Structure formats: structure tokens, C-alpha cells
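The values are calculated or read from the model by the stated rules, or taken from the named source; none is laboratory data. Given the structure is predicted, the values throughout are model-derived calculations rather than measurements. When we count neighbours, we look across all protein chains shown, and the Cβ atoms used for this are built from the backbone with ideal geometry, even at glycine. Protein only, heavy atoms only, side chains kept; ligands, DNA and RNA dropped before computing areas. Shrake-Rupley method; radii C 1.70, N 1.55, O 1.52, S 1.80 Å.
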Amino acid sequence: MTDSLPSYLMGPFVVGKLAFRDVSERCGVYAEPEMIDRAEDEFSECLEKYLTAGESLFGPYRWERYDIVIMPKAFAYGGMENPRLTFLSPTLVVGDKSLTDTVAHEIAHSWFGNLVTNARWSQFYLNEGFTMYAQRRITDVVHGEAFTALEARVGWRLMRDAVRDATDPVFTRLHTPLPLNMDPDDAYNDVPYEKGYCLLMYLQTWMLTGEVGDERPEVKLDAWLRRYCEDFAFQSITSNDMIRHFHRFFPKLKGKLDWPYLLESEGLPFFKPDFSRSIELTDPADDLLRQFRGPPGNKRDDAVAKATFQSWSTYQKAYFLDKAIDYEDHVNGGPFCDDVLALASTLGLRTSTNREVTMRWCVLLLKHSLTDAFADVADHLRATGKLKFVLPVYRGLVRAQPRCLVDELATTIFHETKHTLDAQVAARVKAILDTPITTPPKEKKKKPRSPYDDISLPGASWAMLIRTPCVGCPKC
């Protein structure tokens, strides 16, 4: 390979007993021998489709081959976009191909991140936000708009949680100030991904003004991004470079966008994309949730409920469980249904091996302090080292009751598994567990800098990250 490469992508090696399967002329799959059949079955159909869709949108694929390798369970991320050889988490091998869009994300990095790279880690959204947009344009082509809208809806909630859990509000900006002595990984969260995506979707709305042509808005924005990749190929750029290029392509929009606010504002983005195209996938989940929300004795066919849930894709299951977690009974103060453990048994949550499902089940059971199911938390944390699936569960642990039992569980599992975790994951778990028991501070009303600063954040609370004293425990 003779092309320029960002320094952070230099030097990744995979060493081990690996098998390989070609799935097209330029794509292949590496995995350990006991995993290779499942990995080939999971990804063989999507690799070439995603590459072809990406080329149709953003220009030629410039890296010759595209192969993937399935990493050990300690791998901290869903994927890592090393040119020519993407590293993937084994948690993506779920058997139904419903998480292959992560490969679409890593392939999208072939244009955004690898071909055109952020020059500064404080502007990480130039890599990840642009890649999220490109990923979802690719899945629009390959899987359809309903799938993409549902995945983006689930992504919005991940960003909401990242904003809630941020250790400093500045880590919710697209331009994130990073001190010279700070490791950028310490500020890592979902904000550059999802808030960056929202920025691109907001720019897409400006394509509807009639000032930049008559094509569909996504077609006009894709045309700019294609030129952007051509003009900045194999370069590292800043936000100012991107903005100047945007206004050269769309000169009539110059002076009409408040770039400082778009890039420096904290919290959730003021612009929320339209997720309505996911309704054909979310309506069945909402219907099933209503069945479980009914009063005790509510007639429900559990066999049908289980068959319905098991037939869904991972993102439908995630949407259902996210709604269950977010549900608050403000009248009775109880959970969203009369027996959460019965729901888990009915839907097969306790026996699932899909970590998107078991992570959410753990958060749900910890929210309601279901001590009879605490073993499920231990099983989940032993099964994966992925950052996305580990941190929310430990955050749930430091909020759960009874504190004496939960503290012992959290400490025991962390000491048992920390040697199998990536160093960054272990450090962030330790920071969560070391948070002192305290009383949530009183929130002060801030003077808004813009009319968008007062947007509400459902479920947000200082207490979400603060360990609370033991409540209602005779021992304590």
C-alpha cells in the first residue's frame, strides 16, 4: 500500500490461529477456526453490497481489498476501521445478520476517517459524525429506509444517555476542548457519532430551500460529500476546511448557518431527525409493550408474545427494551408491568446470547432492584468486554438497591474480569465504582445562550451517575 495513512491507523496486528474465507473477489473473513463458519454466514452477503453502495454514493473505494477479522471478546469496540482489515467484535455474530450495519459503518470510514481524516481529536465528529451519515445512507440503499430510521432512533437514545452521563458538559460539544495532558479516549462517548450525524441531517434540511438545486435533499448532500472526498483525499482537515468547502459547493448558503452554535453548543442537538419511517417496525413493539403494561390479569398469549419478540431484528428488540427501561409509572411508582421477571422469562431475555438484549435486560433489572436476577448481571459482564455493553451495566449497579448486595456484586465481578478488559474499559469501570456516595447537588438554572438550550432531556438526573446510600435494607 503506497497511499498516505493517518498515524493512528498505523501498526495494528492480529496474531493467532485464524481461518480465512473469501466471500467475493475483494472481500474476505478471518476468524478463529471454531468461529469461522458462523462469521462467514453472518457477513458473507453484506460486505460486497455495502462496498458497492458506498461507491455509488461517495466515489471509488481506494483501498483495494476489504477484509474483516473477528476479535476476542475483550475487544472494546464494535469495530475498528483499519484500512483493508476491519477489526470486529464477536458480539456482532448474532446468527440473524441483524447487526451487520456495524460493517456498513466501518466501510463508510473508507471515505470518512481513513480517506479524509480529522486533523484534531477535538473535532472527532469529522470522522464519526460523517461516517454515521454515510453508514445510514448505505443502509438506506441495502436495507431500506425503515431499518435505517429505526437504527437511527436507537442511536438518538444512546446519545441521550451519553449526554446524561457525561462527566463534563464540554464533552457533549462537537468541538470538544481537550487539554494537552488529556487522553482523547477519556472523552470518548456517542456524542461525536450521533450529534455529528444530526449536524449532517440538519444540513440536509437546507437542501430543501430551493436555493441549491431541484434534486432530493439527500442527493444534493451526497454530491457535496463525494466532491469533499475527492478534494481532501488522503489528507487531514479541520472544521474550517470543511466549512469553506461546503460554502464553495453551496455558495447561496454562505452566512445563513450559525456554525459556532452548531459546533460549540452543549447537550442534545436542537435538530432531531425524522424517525417516522421506522413506524412499521416500532408499532409492533409499542403494541407488545402495551400488552405487558396492562393491569394484573390482563389477557395476553405469552406463547404469541415470545414468538413475536423472537422474530424481531435486534434493533426492534432494543427499541422495545429501551422503552421498558424509560417507562416511569408516576402514579403508582412501580415498573412498567406488574412482573418484570415474568416478562423476562416469557420473552427469553434471561437466556439470550445477544449482548444488545442482555445489556438492556441488566439495566432494566437493576433499575427495579430485582435481586433474584442479579446472577444475570454477572453472566453478562463475564461474557463481554465491549465498552458499550459494560459501562451502562456498571452505571446501573451503582444506582441499584440494596447497596450492600450490589456493591459486593460489582466489586467481585470487576476484580474477576478486569484482567480480561481493555485498559481503557477497566479504567472507566473503576472510575464509576470509585464515585463517592453523596447527595445529588441542587441544579441551578442556567441562562440559556439560545432558545434551544432548554430542550428537555427525558430521564436526565444528576442522580443517574451518583452512588446512593442503601435504602430499606435491614442489614444497613
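Considering only segment 238-252, how many residues are over 29 Å from the mean Cα position of the chain (by Cα) and open to solvent by 30 Å² or more (accessible area, probe 1.4 Å)? Walk me through it before giving the result.
Of segment 238-252, the ones over 29 Å from the mean Cα position of the chain (by Cα) are 244, 247-252.
Now narrow it down to the ones that are open to solvent by 30 Å² or more (accessible area, probe 1.4 Å): 244, 248-249, 251-252.
The qualifying residues number 5.
Identify all residues within segment 370-390 that are open to solvent by less than 20 Å² (accessible area, probe 1.4 Å), of a type in the set (A, V, I, L, M, F, W, C) and in contact (Cβ under 8 Å) with a residue 60 or more places away in the chain; write none if there are none.
387, 389
Quick grid of which residues meet (1) surrounded by fewer than 12 Cβ atoms within 10 Å (Cβ to Cβ); (2) of a type in the set (S, T, N, Q); (3) on the phi > 0 side of the Ramachandran plot:
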| site | (1), (2), (3) |
| --- | --- |
| 232 | no, no, no |
| 236 | no, yes, no |
| 254 | no, no, no |
| 266 | no, no, no |
| 287 | yes, no, no |
| 306 | no, no, no |
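So in segment 179-203, with the set limited to residues that are of a type in the set (A, V, I, L, M, F, W, C) and modelled with pLDDT under 90, which one is farthest from residue 272 (Cα to Cα)?
Taking segment 179-203 and keeping what is of a type in the set (A, V, I, L, M, F, W, C), we get 180, 182, 187, 191, 198-201, 203.
So of that shortlist, the ones also modelled with pLDDT under 90 come out as 180, 182, 187.
Values: 180: 33, 182: 31, 187: 23 Å.
So, considering only residues that are of a type in the set (A, V, I, L, M, F, W, C) and modelled with pLDDT under 90, the one farthest from residue 272 (Cα to Cα) is 180.
Considering only residues that are among the hydrophobic types (A, V, I, L, M, F, W, C) and open to solvent by 30 Å² or more (accessible area, probe 1.4 Å), look in segment 129-142 and name the one that is farthest from residue 204 (Cα to Cα). It would help to see each step written out before you state the result.
At the first step, the residues of segment 129-142 found to be among the hydrophobic types (A, V, I, L, M, F, W, C) are 130, 132, 134, 138, 141-142.
Adding the requirement that they be open to solvent by 30 Å² or more (accessible area, probe 1.4 Å) leaves 141-142.
Details: 141: 17, 142: 21 Å.
Checking each candidate, the answer is 142.
Among what's in segment 4-62 and is assigned to a loop (DSSP other than H, G, I, E, B) and within 15 Å of residue 97 (Cα to Cα), pick the residue that is nearest to the chain's Cα centre (by Cα).
Within segment 4-62, the subset assigned to a loop (DSSP other than H, G, I, E, B) is 4-6, 10-18, 23-26, 32, 44-46, 59-62.
If we keep only those that are within 15 Å of residue 97 (Cα to Cα) too, we end up with 44-46.
Values: 44: 23, 45: 23, 46: 20 Å.
Among residues in segment 4-62 that are assigned to a loop (DSSP other than H, G, I, E, B) and within 15 Å of residue 97 (Cα to Cα), the one nearest to the chain's Cα centre (by Cα) is 46.
Please tell me if residue 367 is of a type in the set (D, E, K, R), in contact (Cβ under 8 Å) with a residue 12 or more places away in the chain and open to solvent by less than 40 Å² (accessible area, probe 1.4 Å).
On the way: of a type in the set (D, E, K, R): yes; in contact (Cβ under 8 Å) with a residue 12 or more places away in the chain: yes; open to solvent by less than 40 Å² (accessible area, probe 1.4 Å): no.
For residue 367, the condition - of a type in the set (D, E, K, R), in contact (Cβ under 8 Å) with a residue 12 or more places away in the chain and open to solvent by less than 40 Å² (accessible area, probe 1.4 Å) - is not met.
Looking at residue 151, is it open to solvent by less than 30 Å² (accessible area, probe 1.4 Å), farther than 30 Å from residue 435 by Cα and either of a type in the set (D, E, K, R) or in contact with a Cys (Cβ under 7 Å, 6 or more places away or on another chain) (or both)? Before you say what the answer is, go through the steps one by one.
Working: open to solvent by less than 30 Å² (accessible area, probe 1.4 Å): yes; farther than 30 Å from residue 435 by Cα: yes; either of a type in the set (D, E, K, R) or in contact with a Cys (Cβ under 7 Å, 6 or more places away or on another chain) (or both): yes.
Spelling it out, residue 151 is indeed open to solvent by less than 30 Å² (accessible area, probe 1.4 Å), farther than 30 Å from residue 435 by Cα and either of a type in the set (D, E, K, R) or in contact with a Cys (Cβ under 7 Å, 6 or more places away or on another chain) (or both).
Restricting to segment 6-19, what's the tally of residues that are touching a residue at least 12 places away in the same chain (Cβ under 8 Å) and either touching a Lys or Arg at 6+ places or on another chain (Cβ under 8 Å) or surrounded by fewer than 16 Cβ atoms within 10 Å (Cβ to Cβ) (or both)? Spell out the reasoning first.
The initial filter retains those residues of segment 6-19 that are touching a residue at least 12 places away in the same chain (Cβ under 8 Å), namely 6, 9, 12, 14, 16-19.
Of the ones still in play, those that are also either touching a Lys or Arg at 6+ places or on another chain (Cβ under 8 Å) or surrounded by fewer than 16 Cβ atoms within 10 Å (Cβ to Cβ) (or both) are 9, 12, 14, 16-19.
Count: 7.
What number of residues in segment 87-128 are surrounded by fewer than 24 Cβ atoms within 10 Å (Cβ to Cβ), small (Gly, Ala, Ser) and in a helix (DSSP H, G or I)?
Count: 1.
Give all pairs with beta carbons closer than 8 Å in which a residue from segment 270-282 that is open to solvent by less than 100 Å² (accessible area, probe 1.4 Å) meets a residue that is among the charged types (D, E, K, R); count only pairs at least 6 apart in sequence or on separate chains.
Correct list of pairs: 275/153; 278/153; 282/153.
The conditions are (1) surrounded by fewer than 17 Cβ atoms within 10 Å (Cβ to Cβ); (2) part of a helix (DSSP H, G or I); (3) out of contact with any Ser or Thr (no Cβ under 7 Å at 6 or more places or on another chain), and residue 167 fails exactly one of them. Which is it?
(2)
Any chance you could count how many residues in segment 54-79 are open to solvent by less than 50 Å² (accessible area, probe 1.4 Å) and either aliphatic (A, V, I, L, M) or within 30 Å of residue 428 (Cα to Cα) (or both)?
Counting residues in segment 54-79 that are open to solvent by less than 50 Å² (accessible area, probe 1.4 Å) and either aliphatic (A, V, I, L, M) or within 30 Å of residue 428 (Cα to Cα) (or both) gives 10.
Does residue 270 qualify as being aromatic (Phe, Trp, Tyr) and farther than 30 Å from residue 53 by Cβ? Quick ask: steps written out before the conclusion?
On the way: aromatic (Phe, Trp, Tyr): yes; farther than 30 Å from residue 53 by Cβ: yes.
Considered against the rule, which asks whether it is aromatic (Phe, Trp, Tyr) and farther than 30 Å from residue 53 by Cβ, residue 270 comes out as yes.
Restricting attention to segment 330-364, and to residues there that are open to solvent by less than 30 Å² (accessible area, probe 1.4 Å), over 25 Å from the mean Cα position of the chain (by Cα) and not aliphatic (A, V, I, L, M), which single residue is modelled with the lowest pLDDT?
Residue satisfying both the conditions and the ranking: 334.
Is segment 171-181 home to any residue that is outside any loop (DSSP other than H, G, I, E, B), closer than 24 Å to residue 79 by Cβ and touching a helix residue (DSSP H, G or I) at 6+ places or on another chain (Cβ under 9 Å)?
If we filter segment 171-181 for residues that are outside any loop (DSSP other than H, G, I, E, B), which is where we start, we get 171-172.
The next check asks that each one be closer than 24 Å to residue 79 by Cβ; those that pass are 171-172.
Going one step further and asking which of them are touching a helix residue (DSSP H, G or I) at 6+ places or on another chain (Cβ under 9 Å), we end up with 171-172.
Yes.
It is to be established whether one or more residues within segment 42-53 are open to solvent by 60 Å² or more (accessible area, probe 1.4 Å) and in contact with a Phe, Trp or Tyr (Cβ under 8 Å, 6 or more places away or on another chain).
No, because not a single residue in segment 42-53 is open to solvent by 60 Å² or more (accessible area, probe 1.4 Å) and in contact with a Phe, Trp or Tyr (Cβ under 8 Å, 6 or more places away or on another chain).
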